[in-house]
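Okay, structure first, notes after.
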């Protein structure tokens, strides 16, 4: 089964860190009002503690994570100010603090040690005060210089474009997922429609053309089977296969031009391209495509070479089929079907002595068939292999048995 993969988000949103990289600094903003007097504890009594919580967003309206909110009684906070309390801002932009002595503070939002915003906070004993830092507010923005305001507008525009781009990619990934599911279910027309929409929206994405090719190859196979079953000729079948060839080739061309070409696309598109080319009789090009697939991903080379052997066998290229089967066996000595197709290719070279009627098969043919029975004694071709061996007078080794079931 081909491993599903999707499109990556091409862009990300911009936060305070990006603003700082663009040279934006944040002005000091105080909420309107006069600082009140601290509430003094009554002699002889323990005063109930206050608490605070809130949400922090930056000038773009984005969550302000991984910073801190600090409380100070300094009316003009600076680097030398004393901060009585420090509370972390979490990944959601929220903070909270408890066990705070009642009084009037200035709450300061920091990120990476840099002050970003100031708000007055009068905390009352026994109460939980909500203090939100909304850096999109007019009072905050008005304190910025014209250049800083312009930079923020530019960042907003870029962020909006990033959101739109990611939404587009999300939609394409949904189409990709749906098309793959449709191909797996044999609903090739549905997959074709999804990939037509996807490739129109992003024509430079290799994987979309790869999955488009799968849909077209499926459509071509269905049409070919229908014509075969009806004992008729469908003149559109070669064109359908050629459409798949074109899509696979486009996937490969685009992938080759990518900054980071995908090995998975090289393997998958070449493996399927080999199938499509073989269907229209281009066996040399088909074999080349399978070889390219095997080279791209040696872990899947056995499957690619087996497919090559099958295409060449069906094209009556007996020597080519046997050679491809040997490559599949070299890549995976346990691949039973590779031994079967090698035997099928070499059995074509059986000779019969016209005088004695003695049948002689190439030794490699017999060895391949016997190895198939050893690896797959109850496999789908086991009886066929036994019949062939019996027909050429070879004794069948009856010691071959199915592997015992594993204990659960």
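The values are calculated or read from the model by the stated rules, or taken from the named source; none is laboratory data. Since the model is a prediction, treat every value here as computed from it, not as a measurement. A quick note on method: Cβ atoms are made from the backbone with ideal geometry, for glycine too, and the neighbour counts reach across all protein chains shown.
Test of understanding: among 238, 203, which residue is more than 23 Å from residue 299 (Cα to Cα), more than 16 Å from the chain's Cα centre (by Cα) and not in a helix (DSSP H, G or I)? First the steps, then the outcome.
On the way: 238 fails: not in a helix (DSSP H, G or I).
Every option except 203 fails the conditions.
I'm checking my understanding of the structure. Among residues of region 44-61 that are assigned to a loop (DSSP other than H, G, I, E, B) and surrounded by fewer than 20 Cβ atoms within 10 Å (Cβ to Cβ), which one is modelled with the highest pLDDT? Before you say what the answer is, go through the steps one by one.
Here is the first cut: in region 44-61, the ones assigned to a loop (DSSP other than H, G, I, E, B) are 44-49, 58-61.
Checking the rest, the ones that are also surrounded by fewer than 20 Cβ atoms within 10 Å (Cβ to Cβ) come to 44-49, 61.
Values: 44: 41, 45: 42, 46: 50, 47: 57, 48: 80, 49: 94, 61: 87.
Among those that are assigned to a loop (DSSP other than H, G, I, E, B) and surrounded by fewer than 20 Cβ atoms within 10 Å (Cβ to Cβ), it is 49.
Hand me the list of helices (runs of 4 or more DSSP H) wholly inside region 329-408 holding 1 or more residues that are modelled with pLDDT under 95 and in contact with a strand residue (DSSP E or B) (Cβ under 8 Å, 6 or more places away or on another chain). Break it down stepwise before answering.
Details: elements: 336-346, 363-375, 382-391.
Ranges flagged: 382-391.
Closer than 30 Å to residue 244 by Cβ, outside any strand (DSSP E or B) and without any contact (Cβ under 8 Å) to a residue 24 or more places away in the chain: does that describe residue 178?
Details: closer than 30 Å to residue 244 by Cβ: yes; outside any strand (DSSP E or B): yes; without any contact (Cβ under 8 Å) to a residue 24 or more places away in the chain: yes.
Yes: the conditions hold for residue 178.
Residue by residue, here is whether (1) over 27 Å from the mean Cα position of the chain (by Cα); (2) surrounded by fewer than 18 Cβ atoms within 10 Å (Cβ to Cβ); (3) in the same structural domain as residue 381 (by TED's automatic domain parsing); (4) within 19 Å of residue 273 (Cα to Cα) holds:
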residue: 291; (1), (2), (3), (4): no, no, no, yes
residue: 297; (1), (2), (3), (4): no, yes, no, yes
residue: 329; (1), (2), (3), (4): yes, no, yes, no
residue: 333; (1), (2), (3), (4): yes, yes, yes, no
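Do you know which residues across region 93-122 are without any contact (Cβ under 8 Å) to a residue 60 or more places away in the chain, touching a strand residue (DSSP E or B) at 6+ places or on another chain (Cβ under 7 Å) and either outside the structural domain of residue 139 (by TED's automatic domain parsing) or within 26 Å of residue 143 (Cα to Cα) (or both)?
Scanning region 93-122 gives 93, 94, 95, 105, 107, 108, 109, 110.
State whether one or more residues within region 184-199 are free of Cβ contacts under 8 Å to residues at least 24 places away in the same chain, farther than 23 Å from residue 275 by Cβ and more than 17 Å from the chain's Cα centre (by Cα). Spell out the reasoning first.
Filtering region 184-199 down to residues free of Cβ contacts under 8 Å to residues at least 24 places away in the same chain leaves 184-185, 187, 190, 193-197, 199.
Narrowing the set further to residues that are farther than 23 Å from residue 275 by Cβ leaves 197.
Retained after the next criterion (residues that are more than 17 Å from the chain's Cα centre (by Cα)): 197.
Yes: region 184-199 contains one or more residues that are free of Cβ contacts under 8 Å to residues at least 24 places away in the same chain, farther than 23 Å from residue 275 by Cβ and more than 17 Å from the chain's Cα centre (by Cα).
If I ask for residues that are over 16 Å from residue 77 (Cβ atoms) and outside any loop (DSSP other than H, G, I, E, B), which ones from region 89-121 would you list? Reasoning before the result, please.
Let us first name the residues in region 89-121 that are over 16 Å from residue 77 (Cβ atoms), namely 89-102, 112.
Once the filter is applied, which keeps residues that are over 16 Å from residue 77 (Cβ atoms) and outside any loop (DSSP other than H, G, I, E, B), region 89-121 yields 94, 95, 96, 97, 98, 99, 100.
Could you tell me whether region 243-257 includes any residue that is farther than 26 Å from residue 195 by Cα and assigned to a helix (DSSP H, G or I)?
Kept after step one, since they are farther than 26 Å from residue 195 by Cα, are these residues of region 243-257: none.
No: zero hits.
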